[in-house]
There are 2 protein chains.
Amino acid sequence: MHKYALLPDWLRRYQRQWITGDLTAGLIVTVMLIPQSLAYAMLAGLPPEVGLYASVLPLIAYALLGTSMTLAVGPVAVASLMTASALAPLATAGTAEYITLAVLLALISGVLLFTAGPLRLGFLAYFLSHPVISGFISGSAVLIAIGQLKSLLGVALPSGSIIDTVAALATSYDKVNPVTAMIGGTAIAFLLSARLRLAPLLKALGMPASLAEMMTRLAPMAAVIGATLYVMQSGVDRTANVSIVGAVPSGLPALGLPALEWSQLSGLWLPALLISLVGFVESVSVAQSLALKRGQRIQPDRELLGIGAANIASAFSGGYPVTGGFARSVVNFSAGAHTPAAGVISALLMTMVIAGMTGWFHYLPHTVLAATIIVAVSSLIDVDTLKEAWRYDKADALSLLLTFSGVLLLGVEEGILLGVALSLAVLVWRSSHPHMAVVGRVPGTEHFRNVDRQQVETLPGLIALRIDESLYFANAHMLEEKVEALLRAQPQTRGVLLIMSAVNQLDATALGVLTDLEKNLASRSICLHFSEVKGPVLDRIRPTPLGQRMQDRTFLSTHQAFLAFSDMASLPNQPA
Amino acid sequence: MHKYALLPDWLRRYQRQWITGDLTAGLIVTVMLIPQSLAYAMLAGLPPEVGLYASVLPLIAYALLGTSMTLAVGPVAVASLMTASALAPLATAGTAEYITLAVLLALISGVLLFTAGPLRLGFLAYFLSHPVISGFISGSAVLIAIGQLKSLLGVALPSGSIIDTVAALATSYDKVNPVTAMIGGTAIAFLLSARLRLAPLLKALGMPASLAEMMTRLAPMAAVIGATLYVMQSGVDRTANVSIVGAVPSGLPALGLPALEWSQLSGLWLPALLISLVGFVESVSVAQSLALKRGQRIQPDRELLGIGAANIASAFSGGYPVTGGFARSVVNFSAGAHTPAAGVISALLMTMVIAGMTGWFHYLPHTVLAATIIVAVSSLIDVDTLKEAWRYDKADALSLLLTFSGVLLLGVEEGILLGVALSLAVLVWRSSHPHMAVVGRVPGTEHFRNVDRQQVETLPGLIALRIDESLYFANAHMLEEKVEALLRAQPQTRGVLLIMSAVNQLDATALGVLTDLEKNLASRSICLHFSEVKGPVLDRIRPTPLGQRMQDRTFLSTHQAFLAFSDMASLPNQPA
């Protein structure tokens, strides 16, 4: 079996009995995907067909290269919001130029993700802390919901900061289109009651829990159909000026890529990078949590290829940035998807919709799409993580709140940049403060413990310092500072013993610091000793000048070092 | 003794016998500072007096707030290059607007550094790895030296990329001003021979090494005086068109700040941040290495205040960004400076120069200043660190070379950003790959060692995994992956024991990962156990849902966990 076999693993091992689950899941996900792809395209400021186009080839590309068996790829709320936010300063929503830029955004995102795969950058999926992600998603959800109020109420609101929007809304409530607001309000009430009441009801009627949950996922489609029929019958689009989707081009998109000019790249690379990062982190965390439930696993480096290919495929077919969505993936999983064949089936069904059924969306009112979005994102607002973080670690809770506020007050890109900066700051701060402890011998044993925590014996004139982390550029200087601080407190010190049991790595900067420390201590007649240096670290230090100087002062165990120092201390010049 | 006493510590404890050393050092540093402040102002694209202004108040401000006894603050080569690079796109060198922007750059840098002090961001001094700093300084030195060729040779060269400059030089060698080149060449030959020959000669004649080294530092002043006298006598500034400094305004600068407009801030904050970072890192590393030689210490958080105040003072007196310089600090140290009083003496001497002696610089030829710069920065090119890094750690050598090339090919700001990105990437990568080892019992003991390295006993059905680092958002998922990989390799596993002896901290993300892991394992009838959880970590886990579930499965020692698991394994349903 060749590692780069042409067919994906799941297809070569496909078992006949899986087809029922994959078919069912593919069908149900499609029923969710149709209203969502239309709604999220609207959220991104794009015509509805762009959302549909983004729901075909990306699913197939992911099926060929991704490693999750159940991740449902396609347009998602947060990436749509980020697309709108990235393109707003560059072009007018809905224009040909705007659509071209959206396609290029998907292309650049795809290329960035795809090239990150062979560079093995998959570990970046875990680099944003959970509280930062939670704050970002919750903030985006609030931003999205508020942004949809104009479509929901049929009122023109300025697109600006959230404060502007809310202020404008407060003063223009008299300009609300009552029929639009009525349809939208009804849709929200229907969708919410479906989610909150239908599942318990069905369960009470004896339906299995997972099936009942799934039924509620069909509610958006029902709302779309109901509202479309109502508008078609009543003619409120003409009589009451209710905004509708209108003509959606039918037929499959032409395949190909728009030309990318260097000047466009300068405005698009950063948003593309942020969309890639957020999309990748979201996909991997959804895929991971679903995979764990079945004892499967996903490989972040290969996910980069999968999601990268999905975005390139999206660009190639006139779509916009896609990623793995939370809600659809969970439904896909619960509906029994065994393999990405479910995604391929969704893609085929979507192709049929695009080829022949786009006319059906003509009378679909925008307010229902807004209602779908608002109800969908309301479940993304995550208060539990805040509560847990608040109880467990105030610093984590603070970074959640800061990211949340950043998204709301500064904007979605600025918010995620703030989150990245917070995560990096925590990382740098943590890395620069290595854990160290002065230790002594537990009486009568060969064990050594922290002098602050236990009753232990120390040797006069010897400081025994256990280093609890690897040493490298960000923390090595703190060792120097710690030793100096200890020496100031104990000026009679004649020896410093560094216990290196937890030092797995030692980079060139740390080697330099240790070299300087040894020389500096020697010039003050203080002798440096090492103990418990791990094999790989010792192998690297040995040929260096420091290693040669330390040859006779490196002990296998701390116990031996203590014995040797006791002997030295009892030499004639300092009688015991 | 109050912590915030008005007078600095060194002044309150000042001892009479220190005054000789401080006076000598202050005088010698001033003799170095005069040509350097003129030369570095030229390098920064500023008129000579700006360099002089930056050499007075900043020294006094640092003396009041800094913690190094010997750091010599003022204009330095790298910060001057960065100033030129930051302002080039914003204004024409030498214009009033350019000078105003340079003053604002010092102001913003100063405010950034000063406010970072109370935020305790001093640890950032160690956040760039030594190879990255070395590559950055070497690259800047080459860039500076090549940039000075036009002044040295008296030829007009385009200010652009290094390749443009070298190419232009190759085609315009016939436009070189022969007299200028002759003076410059002589100055370089004189300065180099002073450095390479004078000190050994003086030492051979019996002069103490440190005094001999110091004498060579006076060579630039000698070159300046010699060349000025030569030009004045020969009149080559008129007859051969040799470029000279010309009129330097005399008298002290008016104190005050130019108005800062928000529009200027957008172009200045990033360069100011980078200059602050580089200047701070350079200062702290110089100050640190000098302090260690005398068993003193510097406090990075207070250094932020000191260098920040120096920059604010520079802006306030019409100067430009300053920081602690390497060469002058070493001379200051060797000349016997005991306290920052040496800096105050330099400042007073510089005041006298500005007040009455600026006329003396009229006939000073630019080519000699260029020669001073080239010889000064040539000693910053650091090949030793590259050699050492290459031998010890290829990855470190690579990051040095990348930063070096980045500075040369992309520019000084891009170069340091690349260095920051490299350092962060290394940090994130390191952080995301925690060290873990499967362990077994050393026969007949209670010690547990890595199964791959030693002959140890394991229990069938139990995986004992020792985690060698703290767990947090960046690495917690790798634990999950490691456990899953081990379980795939040993599908008969009934228990997983996590040995937490090296886990000093556990953040909310890691707690979430452990909670999910425990549930997920339980659903597959695999039991999770903990051992050797540190006190502070246990205290935080205990009240959480995970802590409650793990109550009976948390063992003090790995040995106890092994005994308990042996008992469980021998229960009736699985006879031993």
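Residues B:Trp262, B:Trp360, A:Trp10, ordered by accessible area of protein heavy atoms at a 1.4 angstrom probe radius and largest first, appear as B:Trp262, B:Trp360, A:Trp10.
Near B:Leu104, once Lys and Arg are set to +1 and Asp and Glu to -1 for all other residues with Cβ below 12 Å from its Cβ, the sum equals -2. Peptides A:411-417, A:470-476 ranked from most to least packed give A:470-476, A:411-417, packing being the mean of other C-beta atoms within 10 angstrom over each peptide's residues. Listed cross-link partners A:Lys394/A:Lys482; A:Lys534/B:Lys293; A:Lys293/B:Lys482; A:Lys534/B:Lys394; A:Lys519/B:Lys387; A:Lys293/B:Lys534 are compared with a 24 Å cut-off, the Cα-Cα value being larger for A:Lys394/A:Lys482; A:Lys534/B:Lys293; A:Lys293/B:Lys534.
Can you list, shortest first in nanometers, how far B:Lys293 lies from the same residue in the other copies, with each label 7 Å from Cα toward Cβ? Here B:Lys293 shows inter-copy label distances of 6.6 nm. Summed over qualifying helices (DSSP H, 4 residues or more, each -39500 (n - 2.57)) and divided by its residue number, the protein assembly as shown shows a 222 nm mean residue ellipticity of -19000 deg cm²/dmol. For the set B:His130, A:His433, solvent exposure ranked by accessible area (probe 1.4 Å, protein chains only) runs largest to smallest as B:His130, A:His433.
Applying both filters, DSSP loop and at most 11 other Cβ atoms within 10 Å, to the trypsin sites (Lys or Arg not before Pro) of the stretch B:338-425 eliminates every site. Peptide A:500-509 shows a mean partner chain C-beta count of 6 within 10 Å per residue C-beta.
For chain A, what class follows from the C-alpha gyration tensor (a ≥ b ≥ c being the square roots of its eigenvalues): rounded when a/c is under 1.5, otherwise prolate if a/b is larger than b/c, else oblate? Cα axes put chain A in the prolate bin.
The shape of the stretch B:133-194 comes out oblate: with a ≥ b ≥ c from the C-alpha gyration tensor, a/c is at least 1.5 while a/b does not beat b/c.
The packing ranking of peptides B:107-114, A:80-87, highest mean first, is A:80-87, B:107-114, where packing means the average number of other beta carbon atoms within 10 angstrom of each residue. The mean accessible area for residues of chain B, using a 1.4 Å probe and ignoring ligands and nucleic acids, is 43 Å² per residue. Chain B packed on chain A takes about 5100 Å² of accessible surface away from a 1.4 Å probe, both sides summed.
Any chance you could give the angle, 0 to 90 degrees and rounded to 10, that helix A:162-171 forms with the longest Cα principal axis of chain A? Approximately 40 degrees, to the nearest 10.
Each copy carries A:Thr115; placing its label point 7 Å along the C-beta direction from Cα gives inter-copy distances of 3.6 nm, listed from smallest up. Here the accessible area of the protein assembly as shown is 64 percent carbon and sulfur, with a 1.4 angstrom probe and all protein chains present.
Counting from the shortest, the label point at B:Ala93, 7 Å from Cα toward Cβ, is 4.9 nm from the same position in each remaining copy. Going from the chain on its own to the full set of protein chains, the stretch B:118-132 has these residues losing 20 Å² or more of accessible surface (heavy atoms, 1.4 Å probe, no ligands, DNA or RNA): B:Phe123, B:Tyr126, B:Phe127, B:Ser129, B:His130.
Working with all protein chains in place, sort A:Ile137, A:Ile163 by solvent-accessible area computed with a 1.4 Å probe, largest first. Present the calculation step by step, with values, prior to reporting the outcome.
Details: A:Ile137 25, A:Ile163 110 Å².
Descending order: A:Ile163, A:Ile137.
Taking the DSSP bridge list for chain B and keeping only pairs wholly inside it, about 45 percent are antiparallel.
Of the whole protein surface, B:Thr515 contributes about 30 Å² of accessible area at a 1.4 Å probe radius. Judged by the ratio a/c of the largest to the smallest principal axis of the C-alpha gyration tensor, the stretch A:263-387 counts as rounded, that ratio being less than 1.5. For chain B, what does the relative contact order come out to in percent, with C-alpha contacts under 8 Å and a separation of six or more? Rounded, it is 23 percent for chain B.
Summarising the label geometry, the points placed 7 Å from Cα in the beta-carbon direction at B:Met352 and A:Leu201 lie 9.6 nm from one another. The lysines within cross-link reach of B:Lys175, meaning a Cα-to-Cα straight distance under 25 Å and a gap of 8 or more places when in the same chain, are B:Lys150.
The values are calculated or read from the model by the stated rules, or taken from the named source; none is laboratory data. The structure displayed is predicted, hence computed values, not measured ones. Backbone-built Cβ (ideal geometry, glycine too); neighbour counts: all protein chains shown. Only protein heavy atoms, including side chains, enter the accessible area calculation; ligands, DNA and RNA are left aside. Shrake-Rupley method; radii C 1.70, N 1.55, O 1.52, S 1.80 Å.
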